[in-house]
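Peer 1: This is the structure I want to talk about, given as structure tokens.
What follows is calculated from the coordinates using simple rules that are stated; it is not laboratory data. Computed from a predicted structure; not experimentally measured. Methodologically, a virtual Cβ is constructed for each residue, glycine included, from the backbone with ideal geometry; neighbour enumeration extends over all protein chains shown.
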Amino acid sequence: MTVAVAADNAGVDLKNLLARQLDGDPRVGEVLDHGVHDASDDRAYPRLGLAAAETVARGEADRAVLVCGTGIGMCVAANKVEGVRATVAHDSYSVERSVLSNNCQVLTMGARVIGPELAKRLVDEWLGHSFDPSSASAGKVAHITDYERRH
Ligand SMILES: O=C(CO)[C@H](O)COP(=O)(O)O
């Protein structure tokens with residue numbers, strides 16, 4: 001799969017760490033890094049997160065990991081992109097359910113909230129989950145997609 005990553009300057013160190021891990025993961029064919037690349041780049045989180053989320057909406061990336069200070073701003077921004085379901089998650093159960101229940105393609109994290117080792121472990125787990133379109137959850141997610149199409 002192709003995974004897009006992005007961060008603002010609060011999240012760049014964690015994003016770079018996760019990008020390296022994703023790069024070495026056999027389940028990941030390509031990592032698309034939308035920046036920022038170092039903390040001297042002070043572009044606001046929506047500019048980075050929206051660009052990465054748009055690659056998911058266009059089908060250029062299967063998933064995205066977005067990092068800011070809390071993960072909240074990246075999540076709010078990514079969810080504005082049509083077709084994107086993003087969640088902030090810092091625990092194993094939420095990461096799992098975000099995929100299995102909600103078919104989220106975008107995981108956001110806060111570098112000021114979670115430590116690097118836990119973040120790496122959760123991203124590793126996240127890659128192992130896939131949504132089952134024949135599950136009972138699929139009809140529930142379809143309500144969201146239908147709403148989006150109608151508005
Ligand atoms: O965490 C952020 C947005 O949710 C971002 O890294 C910092 O935003 P700020 O608190 O508005 O500077």
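Peer 1: Helix by helix through the chain, keep the DSSP H runs that span 15 Å or more along the axis on Cα and average at least 0.0 on Kyte-Doolittle, and give those back in order.
Peer 2: The qualifying helices are 45-57.
Peer 1: With equal scatterers on the alpha carbons only and no solvent term, can you work out the Debye log10 of I(q)/I(0) for region 29-101 at 0.19, 0.20, 0.26, 0.27 1/Å?
Peer 2: So the normalised log intensities work out to -0.80, -0.88, -1.31, -1.35.
Peer 1: Shifting gears a bit: So what is the relative contact order of the chain, in percent, for Cα pairs below 8 Å that sit 6 or more residues apart?
Peer 2: This gives 23 percent for the chain.
Peer 1: What's the extension gain from I72 to S92 if we count 0.36 nm per residue and subtract their Cα-Cα distance?
Peer 2: Here the answer is 5.5 nm.
Peer 1: With r as the distance between the Cβ atoms of S40 and K140 and R0 = 41 Å, compute the FRET efficiency 1/(1 + (r/R0)^6) and round to 0.05.
Peer 2: It comes out at approximately 0.40.
Peer 1: Through the Karplus equation 6.51 cos²θ - 1.76 cosθ + 1.60, θ set to phi - 60°, convert the phi angles of region 28-36 into ³J(HN,Hα) values in whole Hz; use x for Gly and Pro.
Peer 2: 10, x, 8, 10, 9, 9, 8, x, 6
Peer 1: What percentages, rounded to whole numbers, describe P(r) for region 1-48 computed over all alpha carbon pairs with 10 Å bin width beginning at zero?
Peer 2: For region 1-48, the pair-distance distribution reads 31, 50, 19, 1.
Peer 1: Restricting attention to the alpha-carbon atoms of region 58-151, what are Rg (one decimal) and Dmax (integer), both in Å?
Peer 2: Values for region 58-151 (Cα only, Rg and Dmax): 13.2, 41 Å.
Peer 1: Could you let me know the centre-to-centre spacing of region 6-24 and region 111-151, using Cα atoms, in angstrom?
Peer 2: After rounding, the separation between the Cα centres reads 19 Å.
Peer 1: Take the alpha carbon gyration tensor of region 3-124, find the square roots of its eigenvalues, order them as a ≥ b ≥ c, and report rounded if a/c is under 1.5; if not, report prolate when a/b exceeds b/c, else oblate.
Peer 2: Because its axes are fairly even, with a/c under 1.5, region 3-124 counts as rounded.
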